Amino acid sequence: MAPIILDHMGNDQNEYIKQHVQVKNPYLDTMEEDILYHFSLSTKTHNLPEMFGDIKFVCVGGSANRMKAFAQFIHQELELPGNPEEVRDICEGTDRYCMYKVGPVLSLSHGMGVPSISIMLHELIKLLHHAQCSDVVLIRLGTSGGVGLAPGTVVVTNKAVDYSFLPQFEQVVLGKVITRSTELDEGVANELLQCSAELQSFPTMIGNTMCTHDFYEGQGRLDGALCSFSHEEKLEYLRKAYEAGVRNIEMESTVFAAMCRVCGVKAAVVCVALLNRFDGDQITSPHDVLVEYQQRPQVLVSHFIKKRLGHIV
């Protein structure tokens with residue numbers, strides 16, 4: 001059966017700029033209460049517009065600890081009142097995700113892989129919709145494996161591509177394959193690249209990001225519990241990826257890009273490469289070096305947010 005192609009952005013990609021975050025589900029309007037189960041929030045028990053209506057930037061990442069650290073970091077960068085160490089986890093009633101609100105910035109964890117971030121995104125987009133948020137930018141901050149890049153290089157994603165290097169995400173719905181476009185907002189990507197040029201702190205580039213289903217076999221690693229291919233086959237696949245414009249590999253970007261695009265939300269993916277996959281599979285850099293690498297997307301996105309808010313001229 002041929003896949004169904006869905007792309008709801010319309011001809012003018014700027015149409016949504018002054019619109020509220022949209023959901024594409026008519027059944028939500030018929031519900032007396034919408035329980036955001038994995039956030040431990042609800043439209044009946046929480047005043048979502050009051051809690052979240054001023055959100056303009058949503059930053060998400062896999063690690064709960066890392067996103068708490070980002071919340072504390074952006075609190076300091078925006079020079080907000082109060083103690084950054086006392087930021088509160090809004091999702092403390094559940095152990096699935098963490099969520100911190102810092103002024104107009106929301107910092108959330110999404111776990112690891114497409115299924116985990118997909119669940120989070122459904123509830124996040126509904127949350128932003130119920131809160132009547134507008135002009136929101138979603139940014140995924142993460143780590144990745146570089147393809148032909150030096151460790152520590154930050155990649156701002158141009159297109160999120162699948163295992164065959166196509167800019168699409170395939171979702172099975174009621175036994176049918178739904179194919180959605182994974183193109184990200186070019187304007188936001190260019191703004192981030194310009195911010196990197198202003199910082200001049202670490203190498204940054206725009207490139208395609210390949211999203212895989214797992215960390216080992218799906219990424220051509222030779223060090224997993226299972227391996228059915230040779231070292232030469234691995235290198236050949238990486239060479240093909242590089243030729244297709246892929247500069248890093250991770251496990252969430254396609255569904256992130258697809259869902260944001262369908263719901264008319266500007267989005268970007270900013271990941272640091274922890275290693276060059278042409279050189280090996282295991283991450284061997286010292287802990288302090290890895291910590292500094294992981295802070296690079298946070299520093300870049302912080303500069304972007306401060307510039308958007310007028311804190312930097």
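Summary of computed values
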quantity	calculated
Bridge type composition, the chain - antiparallel percent by DSSP, nearest 5	40
Inter-site label distance for His231 and Ala150 at 7 Å from Cα along Cβ, in nm	2.5
Alpha-carbon spread of segment 126-173, three principal axes, descending order, Å	42, 30, 15
FRET efficiency for Leu166 and Glu243, using Cβ-Cβ distance with R0 set to 22 Å, rounded to 0.05	0.95
Contact order normalised by residue count of segment 28-309, Cα under 8 Å, 6+ apart, percent	23
GNM result for the chain, Cα springs below 10 Å: residue of Asp89, Asp29, Asp281 fluctuating most strongly	Asp29
Positive dipole terminus of the chain, leading residue within Ser116, Met51, Thr157 (C-beta point charges)	Thr157
Along each principal axis, Cα extent of segment 69-168, largest first, Å	46, 32, 29
Listed residues Lys176, Lys266, Lys159, most fluctuating in the chain (Gaussian network, C-alpha, under 10 Å)	Lys176
Per-pair calculated FRET efficiency, R0 = 35 Å: Asp29 and Ser201 via Cβ, rounded to 0.05	0.15
Whole-Å distance, taken between Cα centres, linking segment 209-264 and segment 281-300	20
The chain: mean projected area of Cα convex hull, nm²	17.4
Check: segment 28-309 dipole with +1 on Lys, Arg Cβ and -1 on Asp, Glu Cβ, in debye	380
Counted charge near Ser40, where neighbours are those whose Cβ lies closer than 12 Å (Asp, Glu -1; Lys, Arg +1)	-3
Portion, in percent, of the accessible area of segment 28-309 that falls on carbon or sulfur, probe 1.4 Å	50
Cα pair distances exceeding 24 angstrom across segment 173-313, given as percent	43
Pairs beyond 19 Å (Cα-Cα), from Lys24/Lys101; Lys56/Lys306; Lys101/Lys306; Lys56/Lys266; Lys44/Lys68	Lys24/Lys101; Lys44/Lys68
Residue of Phe215, Phe256, Phe229 that the Gaussian network model of the chain assigns the largest fluctuation, springs spanning Cα pairs under 10 Å	Phe229
Accessible surface, the chain, averaged per residue in Å² (probe 1.4 Å)	48
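The values are calculated or read from the model by the stated rules, or taken from the named source; none is laboratory data. It should be emphasised that the depicted structure is a prediction, and the values quoted were computed from it without experimental measurement. Using ideal geometry, Cβ is built from the backbone for each residue, glycine included, and neighbour counts are taken over all protein chains shown. Please note that ligands, DNA and RNA were not included when accessible areas were found on the heavy atoms of the full protein model with its side chains. Shrake-Rupley method; radii C 1.70, N 1.55, O 1.52, S 1.80 Å.
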